[in-house]
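Below is one structure, written out as structure tokens, with a few remarks after it.
Please treat every number below as a calculation from the coordinates, not as lab data. Remember, predicted model here, so these are calculated numbers, not experimental data. Backbone-built Cβ (ideal geometry, glycine too); neighbour counts: all protein chains shown.
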Amino acid sequence: MARYFAIATVLVVGLVAIAGFWWLHQPRKALTIASVDTTMAPRNDPGQNIDYAPTNRPFIATVPWALSALPECLQQTMSARGSKTYVETKLPIDAELIQPPATLYYADCTIEINATSALVKRGPDRLTIPPKVRFYRDARNQLLVFREAGQTAELRVYVGTR
């Protein structure tokens, strides 16, 4: 009886091995997506004129990455994100805090730093960097922006594009 059990076990294991080998070495057909025609109602009345021309309205927003959105003024060179303790280790040793209130000028951008946030002005546009943000400057004249949000922090390093 044990002999038949051993033979049956060898046969089953052998068949599983052969089937697995065969399955792994089968050529796979590439995924293809067929085009499908659909019909749907137009989203706008065909007779309606829609003006998609840009407006001259100022852009006003509250965004933590405000300075990264203005490459004409500052170029981001580095960023770090994580716990406050981790990100603080990324601050250069020679970084000096820019004491608020302060106003910085880079190309046609003005950064007004207050106690916990900052306002970035460029022409009619106004971008607010939300609290809790601190600004530093190091020996290489880089601008360092350290922002805390809950349990995480972020450091962004910029150079001016004068």
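General remarks:
- Peptides ranked, highest mean first, by Cβ atoms within 10 Å: ranges 73-86, 12-25, 133-146: 133-146, 73-86, 12-25
- Simple Cβ-charge dipole of region 60-160, Lys/Arg +1 and Asp/Glu -1, about Cα centre, in debye nearest 20: 200
- Gyration tensor (alpha-carbon) shape descriptor, region 60-160, a/c threshold 1.5: prolate
- Residues whose amide H lies under 5 Å from that of residue 125, counting only those 5 or more places away or on a different chain, are 59; hydrogens are built 1.01 Å from N in the peptide plane.
- Electrostatic bookkeeping for residue 143 treats Lys and Arg as +1 and Asp and Glu as -1; over the other residues with beta carbon under 11 Å from its beta carbon, the sum is +2.
- Euclidean distance of C-alpha centroids, region 70-94 and region 100-122, integer Å: 17
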